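Below is one structure, written out as structure tokens, with a few remarks after it.
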């Protein structure tokens, strides 16, 4: 007789424990926006000379804010072995260090032109960290390989991304 009562009683206790909810005394909700911590500006340094690798640190000229644009910046032309420095100032407005990557990608729609441009410029990336509440100055060299074939209008997309 006790077994017949125990099975339904265990089922009721099990269901009660599954659906048991604590008593809420108080609660509150927060609302917050998420802001972009990094402001990025760039400068193209050099006049068809080889980039010496330290120009960005020494560069005191003006920087242009980066805006997402499909209009390329025309650097005219570069001969094999020549290049420019792309200097970046990454301003971190936040109170936490933020890692970022600067990378380039060749984006010509024509496959033959795209292959020649990849051979001329290559595809590279640079990783760094924007320290909280400071400016980080860094740069990459855009240098044409010495064995590059002549090609017109290479599209080199430069991207700064938080990681």
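Nothing in this text is a laboratory measurement; each read-out follows from the coordinates by a stated rule. Every value quoted in this text rests on a predicted model; they were computed, and no experiment measured them. Using ideal geometry, Cβ is built from the backbone for each residue, glycine included, and neighbour counts are taken over all protein chains shown.
Per residue, the chain reaches -6000 deg cm²/dmol at 222 nm when only DSSP H runs of four or more residues are counted, each adding -39500 (n - 2.57).
The mean sequence distance of close C-alpha pairs (under 8 Å, at least 6 residues apart), as a share of the length of the chain, puts its relative contact order at 26 percent. Residues considered: 63, 35, 23. Largest GNM mean-square fluctuation over the chain, using C-alpha springs under 10 Å, is found at 23. Ranked by how many other Cβ atoms sit within 10 Å of their own Cβ, fewest first, the residues 160, 90, 29 fall in the order 29, 160, 90.
To the nearest ten degrees, helix 2-18 and the longest principal axis of the Cα atoms of the chain are 30 degrees apart. Between 67, 118, 144, the Gaussian network model of the chain with springs among Cα atoms under 10 angstrom shows the greatest mean-square fluctuation at 67.
Counted over segment 38-162 with a bin width of 10 Å, the fraction of Cα pairs per bin, in whole percents, is 12, 42, 33, 11, 1. Angle check, please: helix 111-121 long axis (alpha carbons) against the longest principal axis of the chain (alpha carbons), in degrees 0 to 90, nearest 10. So the inclination is approximately 80 degrees.
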